[in-house]
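Chemist: Please see the structure below; I have some questions.
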Amino acid sequence: MVRLPVGLRPQRQPAKDLGDAGQRQLDDDESSPSLTAVNRASVTEPYADPPTVHNTAKSMSPPKTPERALTPDWILSPHKQTYTDALISRLRVLIDLEDTTNGRYTLPKLPAGLCWGTTPNKNDHLLCLGGKPLMVLLIGEVSQAYFVEKDGSPKKFVNVYIKAIRSSDYAAAERLLDSLTTYRGPQDKKKEGVITAGRRQTHRGRNPQERIAYHFKHAYDASRGYGQKSAMPVFAPEDIGYKDVVIVEANVGRFRCHPDDGRAVYDNAPWTTWRASFNIISVCRLYRGSSEPDESDEESDHAGDIML
């Protein structure tokens, strides 16, 4: 029971007017077991402290990480990795990069005035800004990557499949390619949330029909900073693995296709029916993920001096 200062205690009135029987009744009431400490506090001490509530937060399980982003713009690992605070800080800067000086743009920051190049057999297959091929930065975690054959020989066509860090970026990639594609026939089956980038890795041989594969060499370690290629170490592309957090630098290209089934058509016919795609320029790794396998031409140095 909490005791109040003497000046604040309720005063009991003398029972002289009640006589001896009244005094005995009052004494009996005060000693009755039915008047508990709580009852006394509520009746005679209205300013008593409230009962103590113990903090049980330590005994509670921490909330589980959401399986998918609660909003389209949240930065969450699509493969449920735990990102360090430093990596999250870097991603917040890179994921909305708009580098007008060096012509690098992430999907949410694509500029106005984009159009296909106008020089046949040179840039008419590339999306350009001011006559120069646009560079798009695709940021995500590697789902699959194919750079070499099983025997180590170079593939004729290399591919990287990434899961976007933000679901809004995947949606933006889909909208962009769809808006640039004129083919409207049957569509290939797509993996939800996966952005695909590829590149033909062949050059012409002595025979005009001969195509010789050569190794893709544009893989860079951006774990300590993303910027000029000369400032980032080079590593073997086949070391790019599952769950690696990467920036895929890509052009937006188009290729002629058959209007009925979308198969590629290799000729110099006028551009009537085509499909748009992301063409790999380079792959820059920000963070090395798990090495667990997944079940399911020279480039110019576009980057500026700032390392991100």
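Chemist: What number comes out for the charge environment of Trp116, summing +1 per Lys or Arg and -1 per Asp or Glu over other residues with Cβ under 14 Å away?
Modeler: Once positives and negatives cancel, what remains is +4.
Chemist: Classify region 227-268 from the C-alpha gyration tensor, please: rounded if a/c falls under 1.5, else prolate or oblate depending on whether a/b exceeds b/c.
Modeler: Judged from the Cα gyration tensor, region 227-268 comes out prolate (a/c at least 1.5, a/b above b/c).
Chemist: Among Ala213, Val194, Ser223, pick out the residue whose Cα is farthest towards the positive end of the charge dipole of region 125-264, where Lys and Arg carry +1 and Asp and Glu carry -1 on C-beta, about the Cα centre.
Modeler: Farthest towards the positive pole: Ala213.
Chemist: Here's something else I'd like to know. Please report the carbon-and-sulfur percent of the accessible area for region 86-205; probe 1.4 Å, protein heavy atoms only, DNA, RNA and ligands left out.
Modeler: Answer for region 86-205: carbon and sulfur cover 51 percent of the accessible area.
Chemist: Under the 0.36 nm per residue contour assumption, what length would be gained going from the current alpha-carbon distance of Thr182 and Tyr266 to full extension?
Modeler: 28.6 nm
Chemist: Extension gain Lys190-Thr118, at 0.36 nm per residue separation less the Cα-Cα distance, in nm?
Modeler: In short, 22.8 nm is gained.
Chemist: Past 18 Å, Cα to Cα: identify those pairs from Lys132/Lys217; Lys109/Lys189; Lys155/Lys243; Lys189/Lys217; Lys80/Lys243, in the order given.
Modeler: Check vs 18 Å cut-off fails for Lys132/Lys217; Lys109/Lys189; Lys155/Lys243; Lys189/Lys217.
Chemist: Okay, moving on. Ranked from the most accessible area to the least, with a 1.4 Å probe and all protein chains present, what is the order of Leu176, Leu94, Leu114?
Modeler: Per-residue accessible area, sorted high to low, gives Leu114, Leu176, Leu94.
Chemist: Can you work out the accessible area per residue across region 124-173, with the rest of the protein chains kept in place, probe 1.4 Å, in square angstrom?
Modeler: I get 38 Å² per residue for this part.
Chemist: DSSP loop (so not H, G, I, E, B), at most 11 other Cβ within 10 Å: list which GluC sites (Glu not before Pro) in region 93-174 pass both filters.
Modeler: The qualifying sites are Glu149.
Chemist: Please list, by residue number, every one of the chymotrypsin sites (Phe, Trp or Tyr not before Pro) in region 215-258 that is coil in DSSP and has at most 14 other beta-carbon atoms within 10 Å.
Modeler: Phe235
Chemist: Grab the other residues whose beta carbon is less than 9 angstrom from that of Arg285, score K and R as +1, D and E as -1, and report the net.
Modeler: Counting the neighbours of Arg285, the net charge comes to -2.
The values are calculated or read from the model by the stated rules, or taken from the named source; none is laboratory data. All values derive from a computational prediction rather than experimental measurement. Quick reminder, even Gly has a Cβ in these numbers, built from the backbone with ideal geometry, and neighbours come from all protein chains shown. Heads up: the accessible areas ignore ligands, DNA and RNA and are worked out on the full protein's heavy atoms, side chains in. Shrake-Rupley method; radii C 1.70, N 1.55, O 1.52, S 1.80 Å.
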